[in-house]
Amino acid sequence: MSNELLSPPRPQPTPSLFDDPHGHRRRLVTAVGAVVCLLCLCILAVAGSVLYADPRAPAMSPVEAVGTTPVR
């Protein structure tokens, strides 16, 4: 009992990250993770389309073909 009176009060333990009775934090973490995942997939798709573009592809419009020689 004397130790309880002389020692400083202990702080209450904080709840863990997913100790949420309504699940708000879990839904927020899941939504942020899904958005980050989709953003990474979009970045990979854009990078892949740039890396695998054919440099000798035919011109899409006549304006782009001005000043070029035909490929034989």
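Each value in this text was obtained by applying a stated rule to the coordinates, not by laboratory testing. Note that this is a predicted model, so its numbers are computed, not measured.
Below, the figures for the structure above:
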quantity: Potential extension, L28-V46 segment - 0.36 nm per residue separation minus Cα distance; calculated: 3.8 nm
quantity: Karplus (6.51, -1.76, 1.60) ³J(HN,Hα), θ = phi - 60°, over the range 45-51, in Hz, Gly and Pro reported as x; calculated: 5, 5, 5, x, 5, 6, 5
